[in-house]
Amino acid sequence: MGSNPINLGVRFLLELAALIIFGFWGWSMFDGGLRFVLAILFPVLAAILWGTFAVIDDPSRSGKAPVPVPGLIRLVLEILFFALAAIAFFQIGNQNYAWIFTGAVVIHYLLSYDRVIWLVQQKTKNR
């Protein structure tokens with residue numbers, strides 16, 4: 001189920017939502033010129049981290065890994081990414097949307113149980 005095109009589409013939408021949340025959080029939590037910088041910087045940094053650390057041959061991604069990591073590390077990074085987005089949503093005062101986002105992420109990972117199992121079993125490979 002983790003590689004199902006619909007599930008991959010949902011995951012992509014959750015990733016985009018998280019990046020938007022990070023930008024909105026940077027904008028909402030600070031004043032002045034800093035808000036412009038952080039509204040761009042937070043999502044860019046999150047996207048860089050998301051795309052850099054990967055498991056080699058992950059079927060839900062391109063299979064490429066700029067910085068190969070074990071599957072468990074990748075899973076922890078993904079959970080932290082989405083958890084921080086949910087926390088940012090809570091901080092800016094959108095509790096209902098934060099709960100909806102959190103629920104969607106949890107449901108996604110429950111439906112992607114095969115990918116979660118696969119990630120936990122993956123060790124770092126040298127290429």
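The values are calculated or read from the model by the stated rules, or taken from the named source; none is laboratory data. Computed from a prediction, not measured in an experiment: that's the story for all the values here. When we count neighbours, we look across all protein chains shown, and the Cβ atoms used for this are built from the backbone with ideal geometry, even at glycine. Just so you know, the surface numbers come from the protein's heavy atoms only, side chains and all, with ligands and any DNA or RNA stripped out. Shrake-Rupley method; radii C 1.70, N 1.55, O 1.52, S 1.80 Å.
Among the residues of the stretch 89-106, is there at least one that is crowded, with 18+ Cβ neighbours inside 10 Å, closer than 18 Å to Leu13 by Cβ and without any contact (Cβ under 8 Å) to a residue 24 or more places away in the chain?
Yes, there is a match, as at least one residue in the stretch 89-106 is crowded, with 18+ Cβ neighbours inside 10 Å, closer than 18 Å to Leu13 by Cβ and without any contact (Cβ under 8 Å) to a residue 24 or more places away in the chain.
With the condition kept exactly as written, say whether any residue in the stretch 112-121 is at pLDDT 90 or above, within 30 Å of Ser28 (Cβ to Cβ) and open to solvent by 40 Å² or more (accessible area, probe 1.4 Å).
Within the stretch 112-121, not a single residue is at pLDDT 90 or above, within 30 Å of Ser28 (Cβ to Cβ) and open to solvent by 40 Å² or more (accessible area, probe 1.4 Å).
Can you tell me which of (1) in a helix (DSSP H, G or I); (2) open to solvent by 40 Å² or more (accessible area, probe 1.4 Å); (3) free of Cβ contacts under 8 Å to residues at least 12 places away in the same chain; (4) of a type outside the set (A, V, I, L, M) is the one Trp25 doesn't meet?
Here Trp25 clears every test but (3).
Would you mind telling me which numbered condition in (1) within 23 Å of Ile6 (Cβ to Cβ); (2) touching a residue at least 24 places away in the same chain (Cβ under 8 Å); (3) in a helix (DSSP H, G or I) Pro59 fails?
Here Pro59 meets the rest and fails (3).
Please work out which one of (1) assigned to a helix (DSSP H, G or I); (2) open to solvent by 80 Å² or more (accessible area, probe 1.4 Å) is the condition Glu15 fails and give its number.
(2)
For the subset of the stretch 46-65 comprising residues that are under 23 Å from Tyr97 (Cα atoms) and modelled with pLDDT of 90 or more, which member is surrounded by the most Cβ atoms within 10 Å (Cβ to Cβ)?
Step by step, filter the stretch 46-65, then rank; the result is Ala46.
Only one residue in Leu8, Leu34, Leu13 is at pLDDT 85 or above and within 17 Å of the chain's Cα centre (by Cα), so which one is that?
Residue meeting the stated conditions: Leu13.
Out of curiosity, is Ala17 out of contact with any Cys (no Cβ under 8 Å at 6 or more places or on another chain) and either hydroxyl-bearing (Ser, Thr, Tyr) or in contact (Cβ under 8 Å) with a residue 40 or more places away in the chain (or both)?
Yes.
Considering every residue within the stretch 5-12, establish whether at least one is open to solvent by 70 Å² or more (accessible area, probe 1.4 Å) and polar (S, T, N, Q). Walk me through it before giving the result.
Let us first name the residues in the stretch 5-12 that are open to solvent by 70 Å² or more (accessible area, probe 1.4 Å), namely 5-6, 12.
Subsequent filtering for residues that are polar (S, T, N, Q) retains none.
No: zero hits.
Being outside any loop (DSSP other than H, G, I, E, B), in contact with a helix residue (DSSP H, G or I) (Cβ under 8 Å, 6 or more places away or on another chain) and of a type outside the set (D, E, K, R) narrows it down to one of Ile40, Ile100, so name that one.
The conditions single out Ile40.
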